[in-house]
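Working notes, structure below.
Readers should treat all values here as calculations from the given coordinates under stated rules, not as data from a laboratory. All values derive from a computational prediction rather than experimental measurement. Virtual Cβ from ideal backbone geometry, glycine too; neighbours counted across all protein chains shown.
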Amino acid sequence: MAFSYGAQQCAATKDDMTDAYELGSEMAREQLSAEDRHLLENIGDDAVIVVPGTYDHIHQVLTSLKIPFKTVHQEELLTYALRPADQTVYVNCANSFPAAVARRLRKFVDDGGQLITTDWALKNVLEVAFGEFVRHNGRMTGDEVVGIQVNDPTNPIVAGFLPAAKHVDPQWWLESSSYPIEIVDAQRVRVLIKSNELRQKYNSYAVLITFDCGKGNVIHMISHFYLQRSETRGERHKMSSEQFAMDMNASEGIKAKAKKMSHLNYAQAQSSATSSAFIYNQLAERMKKKSSNN
């Protein structure tokens, strides 16, 4: 998830991000209930479908979280046998997407599936097939960071943001040319995470949104899942990953692991833990819904 922090910017190396997601996923997993951990440990091999894109890399995050998934390319979705009753489809940000496939995903959602999209999929998937809900507002962001706020603390899929923001506000990295979200149907679209700073700059406060459609659900976020750099906006963000583990009241084992990963800073640990928690919580909620419908 595209979180980033402040004034000092650096590209995150592959090894750094592998370590950050290893630490963040363990931290997020131990915050889960026993029920949610059990559900995630028994998730099916193809309960998660990943559609590759041009810029985002959700498959790398899922691999770090040890979540099994199946890769299905855009053109394959026209004929692939999707299961709306229990599958979640992640569509990575891409510079193009077939309209016919977008409409197939609409049917998938109408029939009970869950669709999660990032950034440019707003225009080439959601605006095409779910245009009565959301669309691109016509502007493009710069390569920058904005502060974020949890808009709906009662929604379980953003529960991981609350403890992580206790000591310092999370930030959200907007990649160059990210698409701000225009909400068409304010009655049905729920904003889970907002940014007052984003509103001031681009006339759009929505960072992470969701809406029900037919029997299913859609989640969309501006920018990307995979953290490709980190920034340290404030003094706390410059602190160690061990300090973040302490702030999160992590177990002694997690604190010890964070201490060994002295090359990671607070910002990287906060980012990876929060994005890990989002994915874990989203999938657990999806599996609970499936169980309740059986």
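Observations on the model:
- Each residue in Thr154, Thr54, Thr117, Thr274 was given a count of other beta-carbon atoms within 10 angstrom of its own, and listing them fewest first yields Thr154, Thr54, Thr274, Thr117.
- Pairs of Cα atoms farther than 21 Å apart, region 181-294, %: 54 percent
- Sequence-distant residues sharing a close amide H with Ser240 (under 5 Å, placed H): Tyr266
- Taking 0.692 mPa s as the viscosity and 37 °C as the temperature, the Stokes-Einstein diffusion coefficient of the chain based on its alpha-carbon Kirkwood radius rounds to 173 µm²/s.
- Remark: for residue pairs Lys123/Lys238; Lys166/Lys260; Lys166/Lys257; Lys194/Lys260; Lys66/Lys215; Lys257/Lys289, the C-alpha separation exceeds 32 Å in Lys123/Lys238; Lys194/Lys260; Lys257/Lys289.
- Excluding exposed DSSP-loop trypsin sites (Lys or Arg not before Pro) (at most 16 other C-beta within 10 Å), longest clean stretch of the chain: 216-294
- Its DSSP H runs of at least 4 residues, each contributing -39,500 (n - 2.57), put the calculated 222 nm mean residue ellipticity of the chain at -10000 deg cm²/dmol, to the nearest 500.
- Hull shadow area, averaged, region 31-164 [alpha-carbon convex hull, nm²]: 9.6 nm²
- Amide H contacts under 5 Å for Thr117, placed H, 5+ residues apart: Val91, Ile219, His220, Met221
- For region 11-101, radius of gyration divided by Kirkwood radius, i.e. Rg to Rh on alpha-carbons: 1.02
- For the chain, the antiparallel share of DSSP beta bridges with both residues in that region comes to about 60%.
- Karplus (6.51, -1.76, 1.60) ³J(HN,Hα), θ = phi - 60°, over region 180-186, in Hz, Gly and Pro reported as x: x, 9, 9, 8, 8, 10, 5
- Neighbour-count order for Ser176, Ser64, Ser241, fewest beta carbons within 10 angstrom listed first: Ser176, Ser64, Ser241
- With K and R counted +1 and D and E -1, the other residues having a Cβ less than 10 Å from that of His263 yield a net charge of -2.
- Amide hydrogen neighbours beyond the local backbone of Ile148, cut-off 5 Å, H modeled: Trp172
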